[in-house]
Structures are given as structure tokens and as C-alpha cells.
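Below: the structure, in C-alpha cells.
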Amino acid sequence: MKTLLLTSIYARLNGTDLGGRVSREHHYKWSLLNILNTNPTKVVCFTSEEELQELEAWFYEIHSVSKELLEFRVYDLYKCDHYDLIQSNKDVEFVKSSDRCHEIQYMKFFWSRLIEDRHDYDKLYWIDAGLSHGGLFPDEYYMGDKWERHFLISLFTPELLSKWNDASKDKVVMFSKNNTRRYYWSKAVPEAYYKEFDGTRHVIGGMFGGNTKAYDELTDRFEELLLTLLDKENELYHEELILSCMSVNTPEEYNLLKFDDWYAREEWKNDDIDPILFYHLFI
């Protein structure tokens, strides 16, 4: 089965009018190197012109990654889909101190349209380049004894990708977190955009995908709702909030892999509940 992964590395956006996380360059590189262990047919990573040369040297020369496996593509986020609409809804001063970039969040979907041969692949996934890190996985799954072990998680294997392929079937698979307990998202797309509001689950944006045609359809539906929100609400909503709304409105279109929390907390023990944790979905 031919599987294509899409991802991106833009590690120098914090403090700009795009917004982004601080000091994640090494994190993203080591994490993506580990994600390659899932043995996809190909990975396409979008990045900036200024980061390209360093990334190519690190992956191709230092770590001997095949160019057939990992392809870097330069993409200017200032030319992203619907850029003018996004800017008209953006609080620039707030974004400069934010660790989230809305342009990247939305391009997780639209970048797929730039892959001209995507239909040559059976499965298409988005995966955040930084998904493989110790904040989400117990240290028993770390590999090695150097500092980078925090990003070298042993659960990223070909069997994992095979499991997700089986779970998606002819649909898109998404990860859905219990949103009824602590560390929940209180914000949501306005209830008017739901067929029937349900805020009990929150779909995460770090990993989703499956059947390539279904990914195309997901992108079309995401764009439709995004444009409506940009036009009518005068606010930028995180991609996860839009996905959560979509998963409620058309649940038949998606297969949800559900978990209760990112990691174990005392409250679960106090309630005598054995939660499904995020990393359990990798086992």
C-alpha cells in the first residue's frame, strides 16, 4: 500500500505576524527523523526558503535520509490560500506573542492540493513534524541515552502506520480527545454552525488522514466551513475547532480514534477510572 505523509517545518515564526512556537528547530528535526521510521512511501515537508538549505544538509548529508523518501518543498506562508481573508480577521499584535500559526493550521489541508500525483497513493496523512516527543509518551518508550531520546520514540514503526491505514479504511481517521474533564478546550465554533451542538469531544490537528479521495473531500468541507467563519465571524478559529465541528455534523464521514487524556493524572486515580491515554493509540 502506497502511503504519503505531509508535514511542515517553520521553526522561526515566533515574534512575527505569523506566530509560532519558540525554539523548536531541534525538536522538529529529531521528531521528523523518527517519524520516518513508520516507513511511508514518501514524505513531503513544506518549509521556508531560509530554512531549506540547513534542513537538507541535516537530513540528507548528516543523517543520510533518501531524497526519494523525504522531499522538501519551499512554500511562502504569505501566499497561503485565503491569505487576505485571514489577515482581515487577524489581531497582529496578539499573534506576534502566540505559539500558533493559523496559516500553517489551514494549509495542513490545502497543501495536499499541491501534490500533483497524490492520487497515485492509496493513503494520505497529515502529521505534525513535532508529534514524536516525550511530552506525549512515557519515558519507557525513549530510545538511546542522549538528549535527543526525548524525540526518538520507539512506537513510531511500520506497524503503527499499518494500524492507522486499517483504521481509516475508505474514510479519514482522526484523533478525538475527551473534552469533558480538566485540560479541555472551552472555546468552540459557534453553536449555530453545528447541526446539534456537542462539545464532549475535541479533534486534534496533529495527525489525521486516510483514503486519499476522502482526504480531498475533507479538505473541501474544511474550506467551506473556514470561509464561512472568516466571512461571518470576524475571528480566526483553530483548525481543531473546525474539525471538531465537522466530526459532529457528518460523523459518518470519519473514523475517530478516541482517547481520554494526554497522559495519566491524579484525578483519574481519584475517580477510579482507567483512561485511554494518547500513547495507547500507538500500541
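If GLU51 satisfies every condition in (1) farther than 17 Å from GLY205 by Cα; (2) touching an Asp or Glu at 6+ places or on another chain (Cβ under 6 Å); (3) surrounded by 15 or more Cβ atoms within 10 Å (Cβ to Cβ); (4) of a type outside the set (Val, Ile, Thr) but one, which is the exception?
Tallying (1) farther than 17 Å from GLY205 by Cα; (2) touching an Asp or Glu at 6+ places or on another chain (Cβ under 6 Å); (3) surrounded by 15 or more Cβ atoms within 10 Å (Cβ to Cβ); (4) of a type outside the set (Val, Ile, Thr), GLU51 fails exactly one: (2).
Listed here are the residues, each with its yes/no results for (1) of a type in the set (A, V, I, L, M); (2) within 18 Å of LEU13 (Cβ to Cβ).
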{"position": "LYS42", "(1), (2)": "no, no"}
{"position": "LYS67", "(1), (2)": "no, no"}
{"position": "CYS80", "(1), (2)": "no, yes"}
{"position": "VAL95", "(1), (2)": "yes, yes"}
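Which of the helices (runs of 4 or more DSSP H) found entirely inside the range 155-264 contain at least 1 residues meeting this: modelled with pLDDT of 95 or more, hydrophobic (A, V, I, L, M, F, W, C) and surrounded by 20 or more Cβ atoms within 10 Å (Cβ to Cβ)?
Because the criterion is at least 1 residues that are modelled with pLDDT of 95 or more, hydrophobic (A, V, I, L, M, F, W, C) and surrounded by 20 or more Cβ atoms within 10 Å (Cβ to Cβ), the helices (runs of 4 or more DSSP H) in the range 155-264 that meet it are 212-232, 239-249.
Return the total of residues in the range 62-118 being surrounded by 14 or more Cβ atoms within 10 Å (Cβ to Cβ), at pLDDT below 95 and of a type in the set (Phe, Trp, Tyr).
Residues that pass the stated criteria total 1.
Does TRP126 qualify as being in contact (Cβ under 8 Å) with a residue 60 or more places away in the chain and in a helix (DSSP H, G or I)?
Answer is no for this residue.
Take the residues of the range 214-239 that are in contact (Cβ under 8 Å) with a residue 60 or more places away in the chain, in contact with a strand residue (DSSP E or B) (Cβ under 8 Å, 6 or more places away or on another chain) and not hydroxyl-bearing (Ser, Thr, Tyr): which is nearest to ALA188 (Cα to Cα)?
HIS238
Tell me whether the range 57-64 contains one or more residues that are in contact (Cβ under 8 Å) with a residue 40 or more places away in the chain and assigned to a helix (DSSP H, G or I).
The answer is no, given that none of the residues of the range 57-64 is in contact (Cβ under 8 Å) with a residue 40 or more places away in the chain and assigned to a helix (DSSP H, G or I).
For the range 123-142, which positions are crowded, with 16+ Cβ neighbours inside 10 Å and either hydroxyl-bearing (Ser, Thr, Tyr) or more than 18 Å from the chain's Cα centre (by Cα) (or both)?
Result: TYR125, SER132, TYR141, TYR142.
Can you spot a residue in the range 82-90 that is aliphatic (A, V, I, L, M) and in a helix (DSSP H, G or I)?
yes
Return the only residue of GLU61, GLU71 being among the acidic types (Asp, Glu) and under 24 Å from THR3 (Cβ atoms).
GLU71
Identify, from the list VAL74, VAL95, the residue that is within 26 Å of THR219 (Cβ to Cβ), in contact with a Gly (Cβ under 6 Å, 6 or more places away or on another chain) and not small (Gly, Ala, Ser).
Sole residue among the options that is within 26 Å of THR219 (Cβ to Cβ), in contact with a Gly (Cβ under 6 Å, 6 or more places away or on another chain) and not small (Gly, Ala, Ser): VAL95.
So, of the residues in the range 219-246 that are under 14 Å from the mean Cα position of the chain (by Cα) and among the aliphatic types (A, V, I, L, M), which turns out to be farthest from ASP170 (Cα to Cα)?
LEU241
The values are calculated or read from the model by the stated rules, or taken from the named source; none is laboratory data. Nothing here was measured: the structure is a model prediction, and the numbers come from that model. Every residue, glycine among them, receives a Cβ derived from its backbone with ideal geometry; neighbour counts consider all protein chains shown.
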